[in-house]
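The values are calculated or read from the model by the stated rules, or taken from the named source; none is laboratory data. None of these values were measured; they are calculated from a predicted model. Note: ideal-geometry Cβ built from the backbone for every residue, glycine included; neighbour counts use all protein chains shown.
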Amino acid sequence: MGAKVNAAAAGTANWVDDRTSIGGFVKFFSRKLFPDHWSFMLGEIALYSFLVLVLTGIFLTAFFVPSMDQVTYEGTFETMHGVVMSKAFESTLVTSFQVPGGMLIRQMHHWSALLFTAAIVTHMARVFFTGAFRKPREINWLIGFTLMIMSLAAGFTGYSLPDDVLSGNGLRIIDGVTKSIPIVGTYISYWLFGGEFPGEALIPRMFTAHILLVPGIILALIGVHLFLVFLHKHTQYPGGGRKNTNVVGLPLFPVYTAKAGGFFFVVFGIVALVAGLFTINPVWNYGPYDPSPVSAGTQPDWYILFIDGALRMMPGWIAGHPTEWVIAGYTLSWNILIPAVILPGIFFTFLALYPWIEAWATGDRGERHVLDRPRNVPVRTGIGVALISFYVILVIEGSNDIIANLFHLSLNDITKVTRIGIFALPIISFLITRRICFGLQRKDRELVLHGHETGRIVRHEHGEYIEVHEPLSDQEVWLRVSYDDLAPLEIADEFNARGVRRKGYGWDRFKQRLSRFYYEQRIQPVSPAEYAEAQHHAHH
Amino acid sequence: MSTEEKQHTNSQQHADGQWVDPGLPPHRPRRADVDPKAAKRAERQVAALFGLSILGTIATLTVYFVQDQTEEVASIRLVNILLGISLCFAMLGIGLGAIHWARTLMRDHEMVEERHALRTSDENREIAVQYLKDGAEDSGLTTSRRTLLKGSLITAVALAPLAILVPQIGNMGGDWNVSKLRHTMWAKGTKLARDPDGTPIKAADVTIGSVFHVIPEGLNDLEHGKLEEKAKAVVLLIRMDPRDLNIQPGREDWSFDGIVAYSKICTHVGCPVALYEQQTHHLLCPCHQSTFDVANGAKVIFGPAKRPLPQLPIAVDDEGYIIAQSDFHEPVGPSYWDRLKGTSPSPSASQEADA
């Protein structure tokens, strides 16, 4: 029996390989090594929640009607009887209430969308804090960044499809933001909505974007993203035997086939459980879109919250001066442009370019495949935490009405506090984080030089009490001393021997300043000499 | 890998004043590696997890076939919960089983693979560059005489997308008539009607402190563009004690005995400004919390909006119904680049109560 199966398998393999040379691929992929760490699963969660999105999305397209034609609801959900609504909203109700299991699939789709964006952002944070974006992975960082933007686009277009009153107000905001763009804004709004807001074109257009354009781009980019992961081979955390020239781990087949493959089912299962137990986006409670009603506590999905927070935070008047200007009869709305266009623009541009910004400060030091412990690059870690605090302040302001309600605070006070916090908190968090990193680095030095505290107090014959310290193992020492000790860049002089100003000096000077900001203040790892001396002391 | 003991021979760590990589830590055997009983137990656990998945699939199908979903929200919720839980078991069983298998039974000796520099070898680079040069030579592109060829190709390729993009983009904006943003359905004599049923409002119905959500009479009868008109025309009708109301200069006859009508569309980004606080006479937009003071010409007192809400001039007709005197005197809703340009409903459009 076994022999027969083997012979059949060999025959099939031979048949396929004769026609595709698949043997080469199998050779390349099957025993590819991947290092093991929990934080490498974050990207996997993003990938698997995307697969869940595709699977559940296919189910939903069978029932959703992307049309803004108005109908009167006659379905089974009594509260909505006789209400005029778009076919999009009606078909959402039908999917939820008349298709058995439809509710679950809708909820799974929405929950996995939230998970998808969250996993991407967390994965991105992991890559940032461990320096996994360094050479040669800058391109893959950009691809990942684009995937993040695409996930926001996928999320927002999907969120708006049911044409309920909540998402409709979200679109109204998009319309308002678009119109604020100088010169062309009004026309972009017309282009988007097919005329005046809300029009009848938007839902069908967003449907196409949501089920074809955006997921198509995401799928293609995921392909390139993973291709590059294989090409570069995965990064690894520092430790004995792990170098920039090797990769230490377990093979794709069978270990990661089982672990990663199994993890897909875990993500799927947990999304199903959450969707079964917790209601998400109950559009049947909100009602169909109507430009007139709106309720308090109108929040978008979490990933858009930061832009909403920025819009809330920006005042229309600052100390008696308007932030909307009229110049020669033309209206320029800084109160909308700054929070909704310029600020996300700068934020995202900085994120996208970060690998290059750090490379300017570092200089090209070759391929880096061993990850940084965040403490060992205090400025980067500080910048990361500052970005997060900036983001969190915006999210808090985006939920200020809910916070005010929960904690019985004044809505206006929260807004005033966040207006200051948006400037102060990132700086404070940068300084504190950098300080903590230095502290952790000093702690590492301390540990290497003096060993672990054992808690055992010993009295010497001459009456002196000492605590016994146990030296660190080879592995423990190596982890703490093997990081790159980067010094600020040295640059060539401004003038050459004949007193002629060197071309490109200004740019070099900028890089040097940046480099000093990054590496001027630093804690060096314990040197072998220091270590030998400490050992010498310990023995006396 | 040898199974050398973890040791503290630290002297080997710094040959020649350099730290020396101690190499991979020794493999730590797991329970199942050394104890056949533990291995057997792990095998049974994995099988049990796969079994759980099978039960989950059967449960999901059972729920699907026996469910009797009715209109009742409670029954839908029950079906949703049961399907969710059983589907969770169907998936989680496979996932956890596979992971448990990998973690307990599959060989976990770490292996090492060398990386190769990503850079192509110099030799290959040279060959690649040579190939490109050869190709360029073959095509004749490098000959200086061929500038006409190059120029026309680049121009043609640069222009060709316009043939597709211009009609595509051109069609998407509908009629491109952006001046529609300056007009609403309101006109002289249009009755103010209740939202959503469309019944006209008498001045006598509007008691002090009350607020009405208003649409123009006839909006509900529109065949086309009902939502577009509604998105511009919705109005809040509020009656205040006339003593509390500071009538704005130039608008002395726009209100009636403490009754004022303001556009409901926020001048920030266009949400409906739906929350009225009776004691303070403040209108609050729930989207971004722009706050307007109805007692003072709906001036902005907090939040991101800059302009006051546009006021609709109203009067009362012979039968006692509230009617509009005209359209709004300025475009309603969010700001846009040329909102103060072009023909607005009235010459007094640019009069803004910025104060």
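Side notes on the structure shown:
- A:ALA260 of a type in the set (Gly, Ala, Ser), at negative phi, more than 7 Å from chain B (Cβ to nearest Cβ) and in contact (Cβ under 8 Å) with a residue 24 or more places away in the chain: yes
- Selected residue (criterion: nearest to the other protein chains (Cβ to nearest Cβ)) from residues of region A:171-197 that are under 17 Å from B:LEU227 (Cα atoms) and touching a residue at least 24 places away in the same chain (Cβ under 8 Å): A:GLY176
- Search result, residues across region A:165-182 that are of a type outside the set (Gly, Ala, Ser) and over 22 Å from A:LEU212 (Cα atoms): A:VAL165, A:LEU166, A:ASN169, A:ARG172, A:ILE173, A:ASP175, A:VAL177, A:THR178, A:LYS179, A:ILE181, A:PRO182
- Boolean, A:VAL26 is closer than 30 Å to A:ALA132 by Cα, over 30 Å from the mean Cα position of the chain (by Cα), at pLDDT below 95 and aliphatic (A, V, I, L, M): yes
- Residues that are over 12 Å from A:ALA272 (Cβ atoms) and of a type in the set (Phe, Trp, Tyr) are absent from region B:87-94 altogether.
Here is a yes/no grid of residues against (1) part of a loop (DSSP other than H, G, I, E, B); (2) touching a residue at least 24 places away in the same chain (Cβ under 8 Å); (3) farther than 25 Å from A:ALA359 by Cα:
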{"position": "A:HIS462", "(1), (2), (3)": "yes, no, yes"}
{"position": "A:ILE466", "(1), (2), (3)": "no, no, yes"}
{"position": "A:HIS469", "(1), (2), (3)": "no, yes, yes"}
{"position": "A:GLU476", "(1), (2), (3)": "no, yes, yes"}
{"position": "A:ASP484", "(1), (2), (3)": "yes, yes, no"}
{"position": "A:LEU489", "(1), (2), (3)": "yes, yes, no"}
{"position": "A:GLN512", "(1), (2), (3)": "no, yes, no"}
{"position": "A:GLU533", "(1), (2), (3)": "no, no, yes"}
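- Candidates A:LEU231, A:LEU226, A:LEU219, A:LEU212, filtered to the one that is out of contact with any Lys or Arg (no Cβ under 9 Å at 6 or more places or on another chain), facing another protein chain (nearest Cβ under 10 Å), in a helix (DSSP H, G or I) and surrounded by fewer than 17 Cβ atoms within 10 Å (Cβ to Cβ): A:LEU231
- Single unsatisfied condition, B:LEU87 versus (1) touching a helix residue (DSSP H, G or I) at 6+ places or on another chain (Cβ under 7 Å); (2) loosely packed, with under 15 Cβ neighbours inside 10 Å: (2)
- Looking only at residues of region A:514-531 that are among the aliphatic types (A, V, I, L, M) and not in a helix (DSSP H, G or I), we find that the one that is nearest to the other protein chains (Cβ to nearest Cβ) is A:VAL526.
- So B:SER86, is it part of a helix (DSSP H, G or I), within 9 Å of chain A (Cβ to nearest Cβ), modelled with pLDDT of 95 or more and more than 34 Å from the chain's Cα centre (by Cα): no
- Selection from region A:279-298 of residues that are within 9 Å of chain B (Cβ to nearest Cβ) and either on the phi < 0 side of the Ramachandran plot or of a type in the set (D, E, K, R) (or both): A:THR279, A:TRP284, A:TYR289, A:ASP290, A:PRO291, A:SER292, A:PRO293, A:VAL294, A:SER295, A:ALA296, A:THR298
- Scanning region A:302-314 for any residue that is closer than 18 Å to B:VAL269 by Cβ, in contact with a Leu (Cβ under 8 Å, 6 or more places away or on another chain) and surrounded by fewer than 19 Cβ atoms within 10 Å (Cβ to Cβ) turns up at least one such residue.
- A:THR95 vs. criteria outside any strand (DSSP E or B) and out of contact with any Lys or Arg (no Cβ under 9 Å at 6 or more places or on another chain): no
- Qualifying residue in region B:153-176 (condition: outside the structural domain of B:GLY333 (by TED's automatic domain parsing), among the small types (Gly, Ala, Ser), within 28 Å of the chain's Cα centre (by Cα) and not in a loop (DSSP other than H, G, I, E, B)): yes
- Output for region B:49-61, where each listed residue is more than 10 Å from chain A (Cβ to nearest Cβ) and either surrounded by 14 or more Cβ atoms within 10 Å (Cβ to Cβ) or touching a helix residue (DSSP H, G or I) at 6+ places or on another chain (Cβ under 8 Å) (or both): B:PHE50, B:GLY51, B:LEU52, B:ILE54, B:LEU55, B:THR57, B:ALA59
- If you go through region A:11-61 and pick out every residue that is surrounded by 11 or more Cβ atoms within 10 Å (Cβ to Cβ) and outside any helix (DSSP H, G or I), you end up with 7.
- Residues in region B:108-129 that are within 8 Å of another protein chain (Cβ to nearest Cβ), of a type in the set (D, E, K, R) and part of a loop (DSSP other than H, G, I, E, B): 3 in all.
- Which listed residue, of A:ASP485, A:ASP474, A:ASP493, is within 14 Å of chain B (Cβ to nearest Cβ), more than 29 Å from the chain's Cα centre (by Cα) and among the acidic types (Asp, Glu): A:ASP474
- Residue within region A:163-170 that is within 12 Å of another protein chain (Cβ to nearest Cβ), under 23 Å from A:SER333 (Cβ atoms), part of a helix (DSSP H, G or I) and not small (Gly, Ala, Ser) present: yes
- Some residue of region A:399-406 being surrounded by 15 or more Cβ atoms within 10 Å (Cβ to Cβ), in contact (Cβ under 8 Å) with a residue 24 or more places away in the chain and within 24 Å of the chain's Cα centre (by Cα): yes
- Among the candidates B:ALA102, B:ALA117, B:ALA59, residue that is among the small types (Gly, Ala, Ser), touching a Ser or Thr at 6+ places or on another chain (Cβ under 7 Å) and on the phi < 0 side of the Ramachandran plot: B:ALA59
- Candidate set from region B:47-83 (those that are polar (S, T, N, Q) and part of a helix (DSSP H, G or I)); member that is nearest to A:GLN107 (Cα to Cα): B:ASN80
- Among the conditions (1) more than 27 Å from B:HIS281 (Cβ to Cβ); (2) within 9 Å of chain A (Cβ to nearest Cβ); (3) out of contact with any helix residue (DSSP H, G or I) (no Cβ under 7 Å at 6 or more places or on another chain); (4) not in a helix (DSSP H, G or I), B:ALA187 misses just one, which is (2).
- Whichever residue in region B:262-299 is closer than 24 Å to A:TRP334 by Cα and of a type in the set (A, V, I, L, M) and, among such residues, is nearest to the other protein chains (Cβ to nearest Cβ): B:VAL269
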